Amino acid sequence: MAVSGDYHEGMSFKHRTIIDTIPAYKQGKPAPKSDDKRTYKVSSNENPFEPLPSVVKAIKKRALPHLNRYPDMRGWPVVERLSREIGVKPENIVLGCGSTEVITQLVQLVAGPGDEVVYPWRSFEAYPIIVAGAGATSVQVPNLSNGRHDIDGMIAAINERTRLVIVNNPNNPTATSVSDTDARRLMNAVPSDVLVLFDEAYFQFNTYADTNVAMDLFRDYPNVVVAHTFSKAYGLAGLRIGYGIAPEDVIEGMRKVALPFGVTDVAQEAALASLDAYDELSDRVKSIISERNRVVTALVRQGWAFPDPYANFFWLPLGERTDEAAAEFEQAGLSVRAFSGDGIRISIGEASANDAVIEVCAKLKKAGF
Ligand SMILES: Cc1ncc(COP(=O)(O)O)c(C=O)c1O
């Protein structure tokens, strides 16, 4: 399996050897510590806005008074509400502790030892962990040099062992988007009994004109699964709630392997209140997109070349000089997500954080990056 990262080796107890191949998930670092300047965490693609007062109020009023009780395991009020908004049956929706758990449910459902999961690489770092955790094999298809999915490569990687194909639109960390034509080309090439997951954690930020939302594909093909989250556009990363949309029999299977009682009442109430506050939240999304455009314009003016970003982050392909540049950001009070030897992913934060990013980029450019 072509994975990179840290490996846990030499465990002193009997265990599944596949665990030794799992790379440790590297969480985005917290903001650097400094006594004399404001510092920022732009390493985890979080929403920089504080939780909405209406969401905090809903949690206090409707969830905190009965923390002694287990949550509704199926999260029925959230499921029903989403089903009305999305226009599918409640039986087409499953909740998870973030979309990370939704993806885990799906992989657990379809892939085990001897089975393959095809996905682009570099992409969301949880994929190799989830696939190896299920005992299945990752087939990582390198992105094109422009950071986009290699759809032809993904199609070529599909064989009789393939149990799942993952599309990450927009892709973390390259922030690129998949075109409607490419997505449909892929769907037409995948056998109809092999599921295709569209991980759309950042779709609300996707302004790419030629993309589709996976819900369109869901209506056109029998084997599409969509993963969405409340972590990014809705700003509830700390509460862990996401959902999957899939054919009914797929959802039934996913529910069987879901972490029992995983999605708390606090998360469910926050999700409901967030759906009520959709207009306010989408204003926030618009302001993050406009900050992203501001950063992109400034960096292009400085002479940087990088993929047009369609998420709440962007990607600087710095190759060998990645660590050197990351140290400069850290020095300036910014924790960014560096993938050694490859590039740096930087989240769009509050305006002052973005100003600081632009400043460091100018300095790097002057230093010959
Ligand atoms: C592409 C992608 N998918 C899924 C997730 C999972 O988010 P969550 O589990 O918070 O819903 C992330 C989080 O960073 C992501 O980048």
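The values are calculated or read from the model by the stated rules, or taken from the named source; none is laboratory data. Predicted model only: the values in this text are computed from it and were never measured. Neighbour counts run over all protein chains shown; Cβ positions are idealised from the backbone, glycine included. Surface accessibility is based on the protein's heavy atoms, side chains included, excluding ligands, DNA and RNA. Shrake-Rupley method; radii C 1.70, N 1.55, O 1.52, S 1.80 Å.
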### Task
Could you tell me whether any residue of segment 213-227 is more than 16 Å from the ligand (Cβ to nearest atom) and basic (Lys, Arg)?
yes
## Note on the structure
Among the residues of segment 321-338, the number that are open to solvent by less than 10 Å² (accessible area, probe 1.4 Å) and of a type outside the set (Ser, Thr, Tyr) is 4
## Note on the structure
The residue that is modelled with the lowest pLDDT, considering only those in segment 117-129 that are over 17 Å from residue 200 (Cβ atoms) and open to solvent by less than 30 Å² (accessible area, probe 1.4 Å), is 128
### Message
If residue 122 meets every condition in (1) away from the ligand (no atom under 16 Å from the Cβ); (2) over 19 Å from residue 259 (Cα atoms); (3) of a type in the set (Lys, Arg) apart from one, which number is that one?
### Response
(1)
### Task
Being in a loop (DSSP other than H, G, I, E, B) and charged (D, E, K, R) is the filter; apply it to segment 30-44 and report the residue that is least open to solvent (accessible area, probe 1.4 Å).
37
### Query
Just checking, how many residues over segment 182-209 are under 28 Å from residue 279 (Cβ atoms) and in a loop (DSSP other than H, G, I, E, B)?
7
### Where a residue in segment 100-119 is within 13 Å of the ligand (Cβ to nearest atom) and its partner, wherever it lies, is among the acidic types (Asp, Glu), with Cβ under 7 Å and at least six apart
103/199
### Query
Counting just the residues of segment 282-320 that are among the charged types (D, E, K, R) and over 18 Å from residue 43 (Cα atoms), which one comes out most open to solvent (accessible area, probe 1.4 Å)?
301
### Query
Hey, among the residues in segment 144-181 that are crowded, with 24+ Cβ neighbours inside 10 Å and assigned to a strand (DSSP E or B), which one's nearest to the ligand (Cβ to nearest atom)?
168
### Task
For segment 261-269, state whether one or more residues are in contact (Cβ under 8 Å) with a residue 60 or more places away in the chain, of a type in the set (Asp, Glu) and closer than 24 Å to residue 175 by Cα.
no
### Message
Which of the strands (runs of 3 or more DSSP E) found entirely inside segment 79-143 contain at least 3 residues meeting this: within 16 Å of residue 246 (Cβ to Cβ)?
### Response
93-96
